[in-house]
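Everything below concerns the one structure shown next.
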Amino acid sequence: MKVNEIMNRSVITCHPNEFLSAIINKLKLFSISGMPVAEKKHLIGMITLKDIYTYFPPPEEMCKEDSAVLKEKLTTPVREIMTKEVLTLPPATPVDEAARIMVENHINRLPVVDRGKIVGIVTRWDIIKALAEA
């Protein structure tokens, strides 16, 4: 089985100039925990909840933060905190290879890229679902 058989082709992405407030809303709206950052379907990074949690102070400290500082953080462009070095897969990658890459690198999603453009995304859930259906 190949990645292109199980990947999600409707990839939710964001632009590097989008503010974190918009990214947080997208993650909540689509019930996802991360998404590729792209310009004209060209992958330039990845943003995840972990990146956002790391950027903001812990909840117990957030109450002590000046509201102006928090507002400023919410208007930070995603390009400033995204992960810039992103592992990707070509569409013909075997699913077991995708799973191995995820496990070895402790990641939950891999963009699928063909000729420099994002054509899909595969998540751990996609792999588990495919194995359960096989």
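We did not get these values from a lab; they are worked out from the coordinates using the rules stated. Nothing here was measured: the structure is a model prediction, and the numbers come from that model. Heads up, the Cβs are rebuilt from the backbone with ideal geometry, glycines too, and the neighbour counts pull from every protein chain shown.
Remarks
- Qualifying helices (runs of 4 or more DSSP H) (wholly inside the range 45-134; at least 2 residues being under 24 Å from F30 (Cα atoms)): 49-55, 67-74, 95-105, 124-133
- The number of residues in the range 1-19 being touching a helix residue (DSSP H, G or I) at 6+ places or on another chain (Cβ under 6 Å) and either part of a strand (DSSP E or B) or under 18 Å from V119 (Cβ atoms) (or both) comes to 4.
- Flag for A22 being in a strand (DSSP E or B) and within 15 Å of the chain's Cα centre (by Cα): no
- Filter result (within 17 Å of G120 (Cβ to Cβ) and among the polar types (S, T, N, Q)) within the range 1-32: N4, N8, S10, T13
- Of everything in the range 25-44 that is assigned to a helix (DSSP H, G or I) and of a type in the set (A, V, I, L, M), the residue that is surrounded by the most Cβ atoms within 10 Å (Cβ to Cβ) is L27.
- Whichever residue in the range 120-131 is buried (at least 18 other Cβ atoms within 10 Å of the Cβ) and of a type in the set (V, I, T) and, among such residues, is farthest from L43 (Cα to Cα): I127
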